[in-house]
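Nothing in this text is a laboratory measurement; each read-out follows from the coordinates by a stated rule. If you're wondering where the values come from, they're calculated on a predicted model, not measured in any experiment. Glycine also receives a Cβ, built like all others from the backbone with ideal geometry; neighbour counts cover every protein chain displayed.
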Amino acid sequence: MEHGQLPPNPSAGGMVSRIEKTGGITLKKIIATAAIATFALSLAACNGANEEAGEQADDVTEAQGEVLDAQSGVTEAQADLAEEKGNEAQAEQLEEKADQQEETADEM
């Protein structure tokens, strides 16, 4: 009997190589393992709904900051108008409000 050969198998018609006997199963296991690993890595890389929800929350926060920044611009325009009308106290209050809105927008 040669090295790497199994004893004769009457139903197989003679000598069957060990590689032929076990190679198919081993190759199937390797392919299955590779497929499972690929699937697992794709799930880990995607992170699914959690990642999308986080991105949406960031988008909402950014939009809120932009709205506050625009509101501070309107408040500054109101302060300028109040100053032109000679109402210094109101103009100063509006400028302070505009500054607070701008700071809040920057923190977002």
Original post:
Can you give the extra length, in nm with one decimal, that the chain gains between GLN93 and ILE36 once fully stretched, where that is 0.36 nm per residue apart less the Cα-Cα distance?
Top reply: 14.1 nm
Original post:
Assuming R0 = 35 Å, what is the FRET efficiency of LEU27 and GLU51, from their Cβ-Cβ distance, to the nearest 0.05?
Top reply: 0.45
**OP:** For each of LEU94, LEU41, count neighbouring Cβ atoms within 10 Å of the residue's Cβ, then give the residues from fewest to most.
**Re:** LEU41, LEU94
**OP:** May I ask you to evaluate 6.51 cos²θ - 1.76 cosθ + 1.60, the Karplus curve with θ = phi - 60°, for each residue of the stretch 99-108 and list the ³J(HN,Hα) values in order in whole Hz, giving x for glycine and proline?
**Re:** 5, 5, 4, 5, 5, 4, 5, 5, 6, 6
**OP:** Any aspartates and glutamates with Cα under 20 Å of the LYS28 Cα? List them, leaving off those in the same chain fewer than 8 positions away.
**Re:** GLU20
